[in-house]
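Below is one structure, written out as structure tokens; comments come after it.
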Amino acid sequence: MATFMARNALARAVSRSSQRLGGRALPPATAFGFPALARPVALARWFASYPAHEVVGMPSLSPTMESGSIASWIVEEGGSFAAGDVVCSIETDKATVDFEAQDDGVVAKIIVAAGSGEVDCGTPIMVTVEDEGDVAAFKDFVAEGPAATGGAAPEPAAVEAPPAPTPAPAAAAAPMPTAPAPAPAAPSGERVFASPRAHTLAKERGYGEISALRIVGTGPGGRIIAQDIMEYDPSTAPAAVAEPVAAAAVATPAAAAPAAAAAAAPAAPLPEPVAGPGYTDYSLPAPALELAARLHASKQNVPHYYLSIDLTIDSLLELRSSLNSTMKLDEGEGGITVNDLLMKAAAAAMKTVPAANASWMGDFVRAYDSVDVNVVVGSGSALYAPVIRDVGRRGLKAVSNDVASATAVVEGEGDPASVPGFGDVGTFTMVNLGSFGVKSCAPVIREPQACALALGVIENRIVPNDDPESEEIYKESVMMTATLSCDHRVVDGAVGAQWLSAFKNHVENPVTLLL
């Protein structure tokens, strides 16, 4: 009890200090305190009708965490805990994290039950006391408000409180969701705040990334919640946009193919560059903007890691030469290219390690039957990633023809209608930067995919001679470097390594691609 009273005195001292410092309060020392975090997670509150206690709020377990949900309570009401004990498990949009106590205590009241949904950081989740005999006094305890004491937490309460009793402010605030200002958040590069459930619903309903939708959130602080996604109507979204270029930039995945086709067609020229004092603004086609929005959101949401491997492609080049010679074609006349063979090897590796051909869907992983590969072609404002369907079950020539058709569309020489699903998102992405002399690259994963493969320049390298009958110590081989980006939520390090090993085997033994 002495420790508890000392903490009470400290809390009052901090409160007085915050008033002298203009309201910049320091995080209180609590049993569950995270003094290094920007948002304090708990607040000691003392009510005359209750014994000494502490109201613990939903912790901010990372700098970007805005909300979380209670997965399970390890310590139930009336249960005691010691420093270092796990009291509950908290689910965020990226992981499930154990919430550990920093001091001894007893759980007097669980305010937020396990599985009850998302809770904003700072919202009270439980009450703790030091004496087990005080637990009964909190049977009917009701939390009064957020437990956080940071300067940012009390402000929403102050803003939301007036509209309830006063109709006039509520009426004035009503038109705000229809204002066009918040809508262009995704194209302008600003972060879109949405709950993990909202992200999952958007993907399940085929809308793609929330950052590419014009949705004004109705949650706290304009946060997009699941109800906003359920009420979203894609058919009415473009009508509310004044600028057609911006509307195309945030088109939903269902409209991605028409948008890509319209941008690729020569009948839709881009606006002329706008010159300013010391700079020039260049407009981008809708597919390039849509791709940029996806990559921006993916880099923020996906926990990337990277694996690289060197490939010997002498046998692959021999197979390509043999196939093209048999068909009496060369690479420039519709023949099989090295990239076609590498794409086929990637699809074969997916068959060997199917766990990599999957997507993170929020609270489950979805594995795909077919391997649909997005091939990145073009550069700058003409950068596209058309999808090549079912690469694993189709022949090399059919895959090569699809790639050639997609490349022709990008170069303005083909009909977008000849490439079904030109702007769709597949299950895997490949980018080859060898033509630029780049040795290796760590690509950004396109959500909801779990992997992306980057291929480097093909070059002659001096390597140890593995021929036991040769007198030469070294030999010259044609090699390249491949780098795989993985979503750690779906593909862990071991699975990623298995996939690269399978890919290397198919590349260096290309006859397996013909089976």
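Along its three principal directions, the equivalent ellipsoid of segment 302-354 from the Cα gyration tensor extends over semi-axes of 28, 12, 11 Å, largest first.
For segment 335-360, backbone nitrogen atoms closer than 12 Å to the point 7 Å from ARG393 Cα along Cα-to-C-beta are found at no residue. In this structure, SER470 and SER325 have a Cβ-Cβ separation that, at R0 = 25 Å, corresponds to a calculated FRET efficiency of about 0.35. Label sites at ALA52 and GLU318, each approximated as a point 7 angstrom past Cα along Cα to Cβ, lie 8.2 nm apart.
Accessible area ranking (1.4 Å probe, heavy atoms, ligands and nucleic acids excluded), largest first, for LEU500, LEU329: LEU329, LEU500. When peptides 119-125, 65-71, 407-413 are sorted by average Cβ neighbour count within 10 Å, with the highest value leading, the order is 119-125, 65-71, 407-413.
Take the Cβ-Cβ distance between LYS139 and ALA114 as r, set R0 to 25 Å, and report the resulting FRET efficiency rounded to the nearest 0.05. Computed FRET efficiency for LYS139 and ALA114 comes out at 0.85.
Given a Förster radius of 35 Å and the C-beta distance between ASP233 and GLU413 as r, what FRET efficiency does 1/(1 + (r/R0)^6) yield to the nearest 0.05? That pair, ASP233 with GLU413, gives E of 0.40. Global size of segment 271-367: 20.9, 59 Å for Rg and Dmax (C-alpha atoms, Rg to one decimal, Dmax whole).
Tally Lys and Arg at +1 and Asp and Glu at -1 over the other residues with C-beta under 9 Å from the C-beta of GLY105: what net charge comes out? Residues near GLY105 contribute -4 overall. Peptides 78-88, 482-492, 452-462 ranked from most to least packed give 482-492, 452-462, 78-88, packing being the mean of other C-beta atoms within 10 angstrom over each peptide's residues.
Packing-based ranking of 271-281, 368-378 yields 368-378, 271-281, ordered from highest to lowest mean Cβ neighbour count within 10 Å.
Loop-resident trypsin sites (Lys or Arg not before Pro) (DSSP state other than H, G, I, E or B) in segment 88-147 with no more than 15 further Cβ atoms inside 10 Å of their Cβ: LYS139.
The values are calculated or read from the model by the stated rules, or taken from the named source; none is laboratory data. None of these values were measured; they are calculated from a predicted model. Every residue, glycine as well, gets a Cβ built from its backbone with ideal geometry; the counts of neighbours run over all protein chains shown. Keep in mind that these areas ignore ligands, DNA and RNA; they rest on the heavy atoms of the full protein, side chains included. Shrake-Rupley method; radii C 1.70, N 1.55, O 1.52, S 1.80 Å.
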